[in-house]
1. Normalising by the residue count of chain A, find the relative contact order in percent from Cα pairs under 8 Å and 6+ residues apart.
2. How would you rank A:I331, A:I269, going from fewest to most other Cβ atoms within 10 Å of each one's own Cβ?
3. Mind scanning A:K138/A:K341; A:K138/A:K407; A:K232/A:K337; A:K156/A:K268; B:K136/B:K175; A:K145/A:K214 and naming the pairs with a C-alpha gap bigger than 32 Å?
4. Per residue of the stretch A:180-191, what does 6.51 cos²θ - 1.76 cosθ + 1.60 with θ = phi - 60° give for ³J(HN,Hα)? Whole Hz please, x for Gly and Pro, Karplus curve as stated.
5. List the trypsin sites (Lys or Arg not before Pro) within the stretch A:235-303 that DSSP assigns to loop and that have no more than 14 neighbouring Cβ atoms inside 10 Å.
6. Can you tell me the relative contact order of the stretch B:50-175? Whole percent, Cα pairs under 8 Å, sequence separation 6 or more.
7. Count neighbours as other Cβ atoms within 10 Å of each site's Cβ, and list the GluC sites (Glu not before Pro) in the stretch B:99-172 that are DSSP loop with at most 15 such neighbours.
8. Sorting A:S125, A:S398 on the 10 Å Cβ count, fewest up front, what's the list?
Amino acid sequence: MNLSFTRTFAPIVVFTSLCLILAACNADLISPDSRPTAVTLSFGPEQRLGDNEKNPAAPFLRYNPDGRLFAVWTEDHDTPWPQANQPAKHQHGSGDRAPSPMRNALLAWSADGGKTWSSPGRVNSAVEAVQGEENGPKVAFIDKKAFVVWSIPGVKGDKTRANIRFAMNDEKGGFSAAQTLNEVNDAARFPIIETTPDGNLLVAWIDRRIDNPKPRQLYLMKLSPDGKALTKNYQVAEGLCECCKLGIAFADGGKTVYMVDREVDGKKIRNHVLRKSTDGAASFGAPVEISNDGWQVPSCPHSGPSIGRDSRGQLHVAWFTLGRSEPEAGIYYSLSKDDGKSFAPRQLVQANTAPETLYATLAVGNDDRVYLAWSNLDGGGKAQIFMRTLAPGGRAWSPIQQISQAKGNAGRPVLALMKNQLQVAWTETDGEDSRVVLRSATVGQ
Amino acid sequence: MKNHARLFRWLLATGVCSLLLTPAIGRSQHAQHGAQSSATGIGAAASSFELKSLDGKPVGLATFRGRPLMINFFASWCDPCREEMPLINELAAKSGKDGYSVLGIAVEDTRAAIMQYVQEAKLVFPIALDLNSTVKRAYRIFGPPATFFIDGQGTIRDVVIGPMTSERAREGLKKAGVSL
């Protein structure tokens, strides 16, 4: 009887156990929340950047190699908009002057990890409508010298037919007169600037000088440390989403360049792709699809991907997608272990809590830990900033942490990492007011 | 033996169920705060709202009750919004004669930027500012532009996500009860 029982049930028990184990694995793939706890970050108090009376917004953070933390953001310019430019009276019948669309780019630095800041300095020499949102100013460094790029609307005020502006520190500690980098006027936006490992500057942007057949192109330009053009504008890709930020990472002393963007095909399906250069960004190979999300959207997502590379050469990417149906919407993550030839199936980091486009950014620490920040709605229906970390090796996500307490909405977080300091900044808006908030955490690197 | 067979079936069912149900459980962990069921689809009552216009006056769905309404969600930074805006403006110019209203709702934008855009594009219809994104969320807009055609009783009759065409505008207005 016992033997019969064992013969009958042993395979069933084994089968059931296997089912349960497989089920557990399946749940993990779908639900990273259920993974073992990794590092929970301990953040300091909120700091505000800029003049709150001037609606600071669109921060970008970067550490100078000397250890100072720099922030660049935008603020209202206090000169009123000329009366001649006032909108029609039926739209603005109060008799007051309309608020000025002019915005400045401000740069400040902190030598104590974000606790105290230098007086902000204006970067744009002329009064301009420096753009923000997904398209805010960016800074890079060569030694102690700062180089800043930003976007301004085209001559007719059109933000989508804009120009890329560039300025750098002068000898007096201010900034040089801004120059326009795009050689075809009113055709560029979403600039990024990076110091290449060979000591020069690489600027990239989304360009629309050719409207057909693939309406947006990826354009690059190289600059020397004295701000002189090393190349003309050159196109390396086409078919980019018209309104989604770019991501970039380097390897091999600058010979290898990885760029990520949201690509748009003829059916308006917007999947993310990696483009890899092995000749120092002179040319790029065919795009590699990061994930076949299948989000078909004829409108503006206004949310691009983020990429980081770890010490083992693995590429980490985070992005927002709605996917093929609304219940799929959320922040996703994937990695490539073969230098960008392929990507692992996407992992859901957090699902959307409401119908809303979300914004994600990631950074990779020296210990290969991945730090991911994004926006999502809290239980009260307000957009907040959330974070989680992925342990080195990629198998343990920390619990989701909410790090903002915005009264209105918080959005578009940015990250900076240096040694054991992690910095997160974002924009908070409440009605017509905005502010820039920064929080710091000590991390183990 | 009968008991063994029952136990066998029970264990087998447990194993299979655990495999089949776990993905759904995993999904529901994320979906518990997830998107609510749409209340802004065709045939549903349009969500009411109250916003401020560019000159600070209150403007809401109730303002337009009694005649068909076309609501266009847009932003000054949005490429397809700018592409469709001449058509939206043209429809707004004809709206009084044809017996409907047009309302623009600016999302993820600032009053200053929208005022500049109004002047640049010579917009002739009222604009409301959704500065806290509450209406955008209520209408489940993941990115502008999006246009809703609402009849005089406040029921959504058509929705266009992405840039508008003359044909789709005509179709939407007809569905909302406009005689063209």
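1. The normalised contact order for chain A reaches 14 percent.
2. The most exposed by this proxy come first: A:I269, A:I331.
3. A:K232/A:K337; A:K145/A:K214
4. For the stretch A:180-191, the Karplus curve yields 8, 8, 6, 7, 9, 5, 6, 9, 9, 6, 6, x Hz.
5. In loop regions of the stretch A:235-303 (DSSP not H, G, I, E or B), the sparsely surrounded trypsin sites (Lys or Arg not before Pro) are A:K267, A:K268.
6. 33 percent
7. Those that pass, being in a loop and sparsely packed, number zero.
8. Neighbour counts put them in this order, fewest first: A:S125, A:S398.
Since every read-out is calculated from the coordinates, none of them should be taken as a lab result. Small disclaimer: the values here were computed from a predicted structure and weren't measured. When we count neighbours, we look across all protein chains shown, and the Cβ atoms used for this are built from the backbone with ideal geometry, even at glycine.
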